[in-house]
Amino acid sequence: MRLRLTPRDTTFFDLLGALARRLVTGASLLAELLGADREAREELAGRLREEEHLADELAHEIMRRLNQTFVTPFDRDDIYALTSALDDCMDSMEEAADLIVLYKVDELPRRVSDQVQVLQRCAELTADAMPRLRTMGKLADYWVEVNRLENEADKLHRKLIALLFDDVTDPILLIKLKEIVDVLEDAADHFEKVANLVETIALKES
Amino acid sequence: MRLRLTPRDTTFFDLLGALARRLVTGASLLAELLGADREAREELAGRLREEEHLADELAHEIMRRLNQTFVTPFDRDDIYALTSALDDCMDSMEEAADLIVLYKVDELPRRVSDQVQVLQRCAELTADAMPRLRTMGKLADYWVEVNRLENEADKLHRKLIALLFDDVTDPILLIKLKEIVDVLEDAADHFEKVANLVETIALKES
Amino acid sequence: MRLRLTPRDTTFFDLLGALARRLVTGASLLAELLGADREAREELAGRLREEEHLADELAHEIMRRLNQTFVTPFDRDDIYALTSALDDCMDSMEEAADLIVLYKVDELPRRVSDQVQVLQRCAELTADAMPRLRTMGKLADYWVEVNRLENEADKLHRKLIALLFDDVTDPILLIKLKEIVDVLEDAADHFEKVANLVETIALKES
């Protein structure tokens, strides 16, 4: 860790932290939605959409400050990329919820919950890590663990796809389920992207 | 607006304007194609392909100048991103036309025309906005309206997807129509991306 | 070519070259896999996965050095983008191999081999070009040829898609084959992206 010789706008850390905490709420709404009936699902998807709007506003606020601040706590492009990647995590989770409702899929394969559990864990780790960007403390644990989780998500995803093609004989249902399972995998990829960006930032600062 | 203290290469604005005007032609060829018979569709898709090549050349020319010009009217990375995003709008519209011909889909759901109408409006607004980058004048109206249009496109897209899954029983036809409708939604997303980049540029310059 | 006034870390060229040579191995494993039986395919997909891990490590090493080196042989962002694009080529090839195994597709349309042959040629040209970045020598031949090959790949892809929709009546088999053929087309696009980045770098240096 270097000494900071210039005053830095600490609100970037607060805003990134707030954005990441929206992901925790988003992931837990998604988990709740899986176990709910059709009516409750619509309501939960609506709440997830609101979370996504709030996350969007936070991302927008970060971008706005980024463009108007002369000194940023770390590389401007890295904050930009990190904000985009956090936003992408939310978008994928919201999209998954949206598809489940839109496609009126009543029963999802059991392993879909495992996918969402991995996302919840990723979201929590990410929300915990964001404030540590301030001091660059103990971030390696975070990115190593998220990379491990993404690997797990990837294996789960492959198993689910194999399962769908083995078990689902209705091609239209298959199209629906495949898209949901794929979008959940995208969400895991975006969380890994966030972790990789944090690693890059930490390396530059070390 | 700041005073410009350095001479700037104005041709970037001309080239961006010319590129955006290609999108207007592209969107109107796409609209025409929807109402045409199979033979006319092939011809119109061919003309859209030519427009796409011309847009590509313009994008290439912008990139070339960008790499060889020392002073650019605004941030180099922003011109790069803007050019790419404009190019992506064209690519998606050309891809949609191409799929309609390739998949030999004779009848498209009526609401697909509404999707394309939104794209036409986005293209016109974008082409009108590009020259205003020179003075940064009245750009907020543009990006607010394109964001509103993208929201509309998004709702249309959701309705169309629900409709397809409710009405189309032939899974192969469903795969075709879903891809066309999804690619048209991608085009709307790219127009929104362009508008968001213009907003970013305007904020930096303000 | 300008005179180099500052010492530069030449290992970037070595690492980019090593990464590109992994693509040659990857493409030839993919070609071998097409002609193999189901059991041999699993083994070959496993070997391709290992290549992909090695490529990942090389990409990671390039990124690490990039963040810790003050003077880079050319623009930092360009090395970053080039590394990502090379990595994307490998990811798409590995994904294609993986899908062929996962979907248990015994027979692939003959033209899929033509797609993979184009990828092999792109990989060889790319591996040959990387060391020439050091002197910026004879790079135009490379990017012109890769652009031509991508055009060829694109036409092949369109023909294959038309063929699949004409011939395959089982929608589930169609979904599988379409995804494989689309991912191979993505790989060709990524090789073109690499070539375009090399062109950009060469233009800046000229």
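Read the figures in this text as sums done on the coordinates, not as results from a lab. The shown structure was predicted, so the numbers you read here are calculated from the model rather than taken from an experiment. Positions of Cβ are backbone-derived with ideal geometry, glycine not excepted, and every protein chain shown enters the neighbour counts.
Annotations
- Calculated FRET efficiency for the pair B:GLU205/C:LEU203, C-beta based, R₀ 30 Å, to 0.05: 0.65
- Distance from the C-onto-B rotation axis is smallest for the Cβ of the chain C residue given, in whole Å, as C:PRO171, 2.
- Per the Kirkwood formula applied to alpha carbons, the protein assembly as shown shows a radius of gyration over Rh ratio, Rg over Rh, of 0.94.
- Dividing the helix sum by the residues of chain C, where each DSSP H run of 4 or more adds -39500 (n - 2.57), gives a mean residue ellipticity at 222 nm of -29500 deg cm²/dmol.
- Legend: ranking of residues C:SER84, A:SER206 from fewest to most surrounding C-beta atoms inside 10 Å; resulting order A:SER206, C:SER84.
- Pseudo-label separations to other copies for B:ALA31 - Cα-to-Cβ vector, 7 Å, nm: 4.9, 4.9
- Computed label-point distance, nm, for sites B:ARG148 and B:ARG134 using a 7 Å Cα→Cβ extension: 2.7 nm
- Between copies, A:ASP166 shows label-point distances of 3.6, 3.6 nm, shortest first, with the point placed 7 angstrom from Cα along Cα to C-beta.
- Ranked for footprinting exposure by Cβ neighbours inside 10 Å, fewest first, C:PHE70, C:PHE191, A:PHE12 give C:PHE70, A:PHE12, C:PHE191.
- Computed E for B:GLU39/A:ARG64 - FRET, C-beta separation, R0 41 angstrom, nearest 0.05: 0.20
- The length gained by stretching the chain between C:ASP170 and C:THR72 to full extension, at 0.36 nm per residue less their Cα-Cα distance, is 30.0 nm.
- For segment A:31-130, applying the loop criterion from DSSP together with a ceiling of 13 other beta carbons within 10 Å to the trypsin sites (Lys or Arg not before Pro) yields A:LYS104, A:ARG110.
- Fewest neighbouring Cβ atoms within 10 Å first, the residues C:MET63, C:MET90 line up as C:MET63, C:MET90.
- Ranking A:ALA36, A:VAL146, B:SER113 by Cα position along the charge dipole of the protein assembly as shown, where only Lys, Arg, Asp and Glu carry charges on their C-beta atoms, puts A:VAL146 farthest toward the positive end.
- Label geometry 7 Å along the beta-carbon vector: B:ASP154 inter-copy distances in nm: 3.0, 3.0
- Simple point charges give the picture: +1 on the Cβ of Lys and Arg, -1 on the Cβ of Asp and Glu, and for chain A a dipole about the Cα centre of about 900 debye.
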